[in-house]
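Trainee: If you scroll down you'll find the structure; I have some questions about it.
The values are calculated or read from the model by the stated rules, or taken from the named source; none is laboratory data. Bear in mind that the values here come from a model prediction, so they are computed numbers and not experimental data. Cβ placement follows ideal geometry from the backbone for every residue including glycine, while neighbour counts extend to all protein chains displayed.
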């Protein structure tokens, strides 16, 4: 995120936005403009040099940067979200322009207004050179199979824009205020619902060339797939209203990241979606991320080619990059976006 920005309550005339309070050197509080604390962040949330230092420490050659979902602002007036999205996207593009061999970026768009979202997506792709966008798992409570989004998907497919889906505005959040439940239970459930909606809503059938990646290893979806497939067979009147295929057949259609925090879970994930569909993720720089950037993957007993695919090849394919432009290196994805290694990694 940028290090500073103008208070949006003053600019737009209403509240609910995030402000960044720098209360000491290298530390800031993300606060809602009504004074409610959201989270604390450090320099590596806004300083590219600090991010690169962490990347070098963990052997990451290239990182994919994107914004923090709380900054999507889908709830705001569309024209205001567009203005904000342009500000964030221009900032991300400037970071990539300064460090072109270390960073890529995924943009954000005002997804509550399909026409404006397409407009900004086109600008991100054609003017800013971004290979994709980060979008939320729902749009103000509307799931990703909402037909209002179909023109957006059609445009993304035509432009070759990859979509990283990140959970936000979690289902059942009002019951998860204690024990960090929104993040620990709500996010996996929200992501599973997003994938379920895309399958049963016919999104993957209608847009077969649309490239989507779901964060946090697909959330609870891989471990719920058997139940969903059984429900599709047992109650087609409820599950198969859009005449889709067996849900199991879609498991290799989309990508997920590798953040499971559990070797057995990652092994199962590879079995469910296939080794070609798991992209190394970091969720850097936040506490729930894989902040050792794939150390546990390297220590797993996996075939070298599988590790190579997770650590960089799958990301290159998802984003449709020329691997040679990045030294054949690894690519990881970040929300901000012991090792001397012979290979390299890309993280998101």
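Trainee: Mind checking which residues of the stretch 29-43 are closer than 22 Å to residue 168 by Cα and either in contact with a strand residue (DSSP E or B) (Cβ under 9 Å, 6 or more places away or on another chain) or assigned to a strand (DSSP E or B) (or both)?
Mentor: Once the filter is applied, which keeps residues that are closer than 22 Å to residue 168 by Cα and either in contact with a strand residue (DSSP E or B) (Cβ under 9 Å, 6 or more places away or on another chain) or assigned to a strand (DSSP E or B) (or both), the stretch 29-43 yields 29, 30, 31, 32, 33, 37, 38, 39, 40, 41, 42.
Rundown of residues vs (1) loosely packed, with under 15 Cβ neighbours inside 10 Å; (2) at pLDDT 90 or above; (3) in a helix (DSSP H, G or I); (4) in contact with a strand residue (DSSP E or B) (Cβ under 7 Å, 6 or more places away or on another chain), yes/no style:
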{"position": "297", "(1), (2), (3), (4)": "no, yes, yes, no"}
{"position": "302", "(1), (2), (3), (4)": "no, yes, no, no"}
{"position": "307", "(1), (2), (3), (4)": "no, yes, yes, no"}
{"position": "310", "(1), (2), (3), (4)": "no, yes, yes, yes"}
{"position": "321", "(1), (2), (3), (4)": "no, yes, no, no"}
{"position": "329", "(1), (2), (3), (4)": "no, no, no, yes"}
{"position": "332", "(1), (2), (3), (4)": "no, no, no, yes"}
{"position": "338", "(1), (2), (3), (4)": "yes, no, no, no"}
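Trainee: For the stretch 252-263, does any single residue satisfy the condition of being in the same structural domain as residue 312 (by TED's automatic domain parsing) and either over 29 Å from residue 301 (Cβ atoms) or assigned to a helix (DSSP H, G or I) (or both)?
Mentor: Yes, there is a match, as at least one residue in the stretch 252-263 is in the same structural domain as residue 312 (by TED's automatic domain parsing) and either over 29 Å from residue 301 (Cβ atoms) or assigned to a helix (DSSP H, G or I) (or both).
Trainee: How about the stretch 47-75: which of its residues are assigned to a helix (DSSP H, G or I), touching a strand residue (DSSP E or B) at 6+ places or on another chain (Cβ under 9 Å) and more than 15 Å from residue 96 (Cβ to Cβ)?
Mentor: 50, 54, 58, 69, 70, 71
Trainee: Moving on. Could you run through the stretch 1-24 and say how many residues are assigned to a loop (DSSP other than H, G, I, E, B) and under 25 Å from the mean Cα position of the chain (by Cα)?
Mentor: The number of residues fulfilling the criteria is 7.
Trainee: Same structure, new question: For the stretch 19-27, indicate whether the set of residues that are loosely packed, with under 15 Cβ neighbours inside 10 Å, out of contact with any strand residue (DSSP E or B) (no Cβ under 9 Å at 6 or more places or on another chain) and in the same structural domain as residue 168 (by TED's automatic domain parsing) is non-empty.
Mentor: Scanning the stretch 19-27, I find no residue that is loosely packed, with under 15 Cβ neighbours inside 10 Å, out of contact with any strand residue (DSSP E or B) (no Cβ under 9 Å at 6 or more places or on another chain) and in the same structural domain as residue 168 (by TED's automatic domain parsing), so the answer is no.
Trainee: Hey, another quick one. Is at least one residue of the stretch 204-214 more than 17 Å from the chain's Cα centre (by Cα) and either at pLDDT below 95 or over 21 Å from residue 133 (Cβ atoms) (or both)? Full working, then the answer.
Mentor: Narrowing the stretch 204-214 to residues more than 17 Å from the chain's Cα centre (by Cα): 204-209.
Restricting the remaining residues to those that are either at pLDDT below 95 or over 21 Å from residue 133 (Cβ atoms) (or both) gives 205.
Yes, some residue in the stretch 204-214 is more than 17 Å from the chain's Cα centre (by Cα) and either at pLDDT below 95 or over 21 Å from residue 133 (Cβ atoms) (or both).
Rundown of residues vs (1) buried (at least 16 other Cβ atoms within 10 Å of the Cβ); (2) more than 23 Å from residue 277 (Cα to Cα); (3) modelled with pLDDT of 95 or more, yes/no style:
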{"residue": "141", "(1), (2), (3)": "no, yes, yes"}
{"residue": "144", "(1), (2), (3)": "yes, no, yes"}
{"residue": "148", "(1), (2), (3)": "no, yes, yes"}
{"residue": "158", "(1), (2), (3)": "no, no, yes"}
{"residue": "163", "(1), (2), (3)": "yes, no, yes"}
{"residue": "166", "(1), (2), (3)": "yes, no, yes"}
{"residue": "171", "(1), (2), (3)": "yes, yes, no"}
{"residue": "174", "(1), (2), (3)": "no, yes, no"}
{"residue": "179", "(1), (2), (3)": "no, yes, yes"}
